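The values are calculated or read from the model by the stated rules, or taken from the named source; none is laboratory data. Please read these numbers as outputs of a predicted model, since none were measured by experiment. Glycine also receives a Cβ, built like all others from the backbone with ideal geometry; neighbour counts cover every protein chain displayed. The protein model used for the area step is the full one, side chains on, heavy atoms only, and it has no ligands, DNA or RNA in it. Shrake-Rupley method; radii C 1.70, N 1.55, O 1.52, S 1.80 Å.
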Amino acid sequence: MTKKNIEHIIELSNELRWQIGDDFHDNLTEGIYADAANIVKDSVHTEKGKKRFRLDSKIDKIVTSKTFGFPIMFLILGVVLWLTIIGANYPSSMLANLLLDTIHPALKSGASSIGMPWWLDGFLIDGVYLAVAWVIAVMLPPMAIFFPLFTLLEDFGYLPRVAFNLDNLFKKSGAHGKQALTMSMGFGCNAAGVVATRIIDSPRERLIAIITNNFSLCNGRWPTQILIATIFIGAVVPSSFSSVAALLSVIGIAVLGMAFMFLTSWALSKTVLKGEVSTFNLELPPYRPPRFWKTLYTSLIDRTLIVLWRAIVFAAPAGAVIWLISNIFIGDVSIAVWLIDSFDGFGWLLGLNGVILLAYIVAIPANEIVIPTILMLTVMATGISGGEGAGVMFELDSMDATADILKAGGWTLLTAINLMLFSLLHNPCSTTIYTIYKETKSTKWTVVASVLPVILGFIVTFLVAQIWRLF
Amino acid sequence: MDTKAVKSACETCAHFNAEGMKKLGINTENFDFVVALAGNPNTGKSTVFNALTGLRQHTGNWPGKTVTRAEGGFQYNEQKYKLVDLPGTYSLLSTSTDEEVARDFLLFGRPDVTVIVADANRLERNLNLVLQILEITDKAVLCLNLMDEAKRNNIVIDQRTLARDLGIPVVATSARYNEGVPELIQTISEVANGTIICKPHRIKNVPPNIEKAVKKLSAEIEKEFPGISNSRWIAFRLLEGDSQIIEALKTGELV
């Protein structure tokens, strides 16, 4: 094989290309379609006389209609969240009882009986074990409910209809309609949502989808939203309405996140990521009855356990860090207290406090440990005795006890609202940041995607705090 | 109908062969054959993939779910197969990322068998891709999936005629319910081992001037690369001015 002969083939092809003219591509495509039509004519028959009942198109007419499309979407989101909130309560407290009230003291007494030094016992059991136990108790139940429900909707074929409904909004904000799908994936996990943006061909629109995916409230943040909403927002209204109020405020935050997603997409497409919206075909697949048990099984194995494992892997070192910064002293204050004091001024401006800011820094690896970190740091800073030593992360048996601690830490309704807002608008977790880097291969865009939400979070919480304090 | 009797008849059939089948999950070491899984979006490729490998690669009812290649393996009659799940595409002629991943694998990955998964309900549209793949490879199996839905829609497909027209074996499946999967595996192994020889359909309805040009060019290609199976497809691509194919031809990747 020599180079010359191949050149000769290429020359011949160039020559022939001139001869056959411009219509080659169209001619070939038409030829393929004609062949396909011939083949089908001979081998495929539809039994006549049996008119097919078009259930699919009947459902589509309703769920993608201008009037009902959006209300149905919010209704479904509401039902999924409501089932998650209500359903997760009991297993969560059972797990907390087992892991924190039974196993933890047993481990402690076991450690002291073998004469483990206090620092090792503290580091391992009060730091690492408690962080992991908390994450399991708080995250496993809602995930085990949320993911299967979401997967059932996905298998049923509802997601492309969501994309269809939202397409116009995406188009107006200069983004790709398929971003609706990646956004929905983000409600489960932002890292998964970022990977899913591969379905968007145009690099410009894909970047927009990656940068704004963080505005989808991920499952690491749902529990925070739900807990804070239940404690503070639910308490403002009469108790019979409290769970409805909590639910509505969580949905409100999720919808606000979508609003920020559209707004940021629009701003990006008008400034640094200018360009035309590309057109695309989205097939509305037939509805397929999900295979319930199989879906339940795969979503538990594939999503719940994998995400939970990731959370545990990240929570363990974070627990260790919390214990260390609370037990290493510079002068007469621990590193944690020193950090909290230095963040307090800035935190106050944002209607938050030093504890929350420090908790978010410690929780960069995993959003789901924000609340336990906040509780632990609050106890330490306010000097309330939870019965445990410094730097011990613990679960409180009841929401009332959690509320008492937070109120003792100087929390108000403003703190709660701004925490919910900040939980929506802050940097993605480290897994997501790493995934963004892997997908974009660009330090610049990774930094933009990481910093942009925090800046937005600072601005929004600052504004809310200032306006709140005016009244 | 006595279902019990039917079941035992199935079990004695060579196609069933449950003992010969072993799902290998992600273990794809030392395989004997590479099997590619191609098809339009949302035809159930990932479901077929899971049924063959025993993996639980997440499936979802929306087009474009599989964004990267997924790999898995199975063992059948002491032979190991590596299965590669390609992203779903409608065509191989344009240049989106999905199509490139799928096309490059069919072209450069040289699968021993390509299983083309098609939606039995939308066969005509699916054939567009099937016919393009048959230009590239001559060892293929058409997996006519979603037969359960086709049945509900009163669609009847004459598989023999279809297989004869396409020149490749056709297997009807409802992969969600594992129906037809044993037959699919048996057919894959027969194609891989050369028991079934495919005579794939080549695109016929092209204007005479193009057909002449393609013939001339593919004759030259065959002269240069004796034994090449997809000279016609390379000729199509060269006539289109596909720079990637020109490059591959230069570097010798295509042979």
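Centroid-to-centroid, using Cα positions, segment B:69-124 and segment A:171-199 are 25 Å apart. Heavy-atom accessible area buried between chains A and B is around 6000 Å² (1.4 Å probe, both sides summed). With semi-axes defined as the square roots of five times the eigenvalues of the C-alpha gyration tensor, the equivalent ellipsoid of segment A:192-318 measures 30, 23, 18 Å, largest first. Beta-bridge orientation, segment B:104-193: approximately 10 percent antiparallel, per DSSP, counting only bridges with both partners inside.
Only aspartates and glutamates eight or more places from residue A:274 in sequence, or on another chain, were considered; those with a Cα closer than 13 Å are A:205. Once Rh is set to the Kirkwood radius over Cα pairs, what Stokes-Einstein translational diffusion coefficient, in µm²/s, holds for segment A:257-318 at a temperature of 37 °C and a viscosity of 0.692 mPa s? Translational diffusion coefficient: 200 µm²/s. Computed extension gain for residue A:90 through residue A:57, at 0.36 nm per residue and net of the alpha carbon distance, reaches 7.9 nm. What FRET efficiency do you get for residue A:309 and residue A:120 if R0 is 22 Å and r is their Cβ-Cβ distance, rounded to the nearest 0.05? Step by step, r from the Cβ atoms, then E = 0.30. Averaged over the residues of peptide A:26-33, the number of Cβ atoms from other protein chains lying within 10 Å of each residue's Cβ is 6. So what's the net charge close to residue B:215: Lys and Arg +1, Asp and Glu -1, counting the other residues with Cβ under 12 Å from its Cβ? Every neighbour counted, the sum reads +1. Across the protein chains, with a 1.4 Å probe defining accessible surface, the residues A:7, B:253, A:439 rank B:253, A:7, A:439 from largest area downward. Counting only the Cα atoms, the protein assembly as shown fills a convex hull of 220 Å³ per residue.
Counted over segment B:110-255, the DSSP beta bridges are approximately 10% antiparallel.
Between amide H atoms placed 1.01 Å from N, distances below 5 Å from residue B:34 occur with B:82, B:112, B:113, all of them 5 or more places distant or on a separate chain. When you count the other C-beta atoms within 10 angstrom of each residue and take the mean per peptide, B:120-130, A:349-359, A:322-332 line up highest first as A:349-359, B:120-130, A:322-332.
Computed log10 I(q)/I(0) for segment B:93-164 at 0.13, 0.18 Å⁻¹: -0.43, -0.77, from the Debye equation with unit scatterers placed on every C-alpha and solvent omitted. Taking each of A:178/B:45; B:82/B:151; A:61/B:45; A:66/B:45 in turn, the alpha-carbon distance tops 22 angstrom for B:82/B:151; A:61/B:45; A:66/B:45. Distance between the C-alpha centres of segment A:408-463 and segment A:219-289: 15 Å, rounded to the whole angstrom.
With N counted as the residues of segment A:287-349, its alpha-carbon radius of gyration over 2.2 N^0.38 Å works out to 2.00.
Interface burial in segment B:232-254 reaches 50 Å² or more for B:239, B:240, B:250, comparing the full protein assembly with the chain by itself; accessible area from heavy atoms with a 1.4 Å probe.
For residue B:204, a cut-off of 19 angstrom between C-alpha atoms picks up these aspartates and glutamates, skipping any fewer than 8 places away in its own chain: A:23, A:26, A:30, A:35, A:42, B:124, B:135, B:138, B:165, B:240. Partner shielding of A:196-207 amounts to 3, given as the average count of beta-carbon atoms from other chains within 10 Å of each residue beta-carbon. Averaged over peptide A:8-21, the number of partner chain Cβ atoms lying within 10 Å of each residue's Cβ comes to 6. Taking all protein chains together, A:41, B:250, A:407 sort by accessible area into A:41, A:407, B:250, largest first [probe 1.4 Å].
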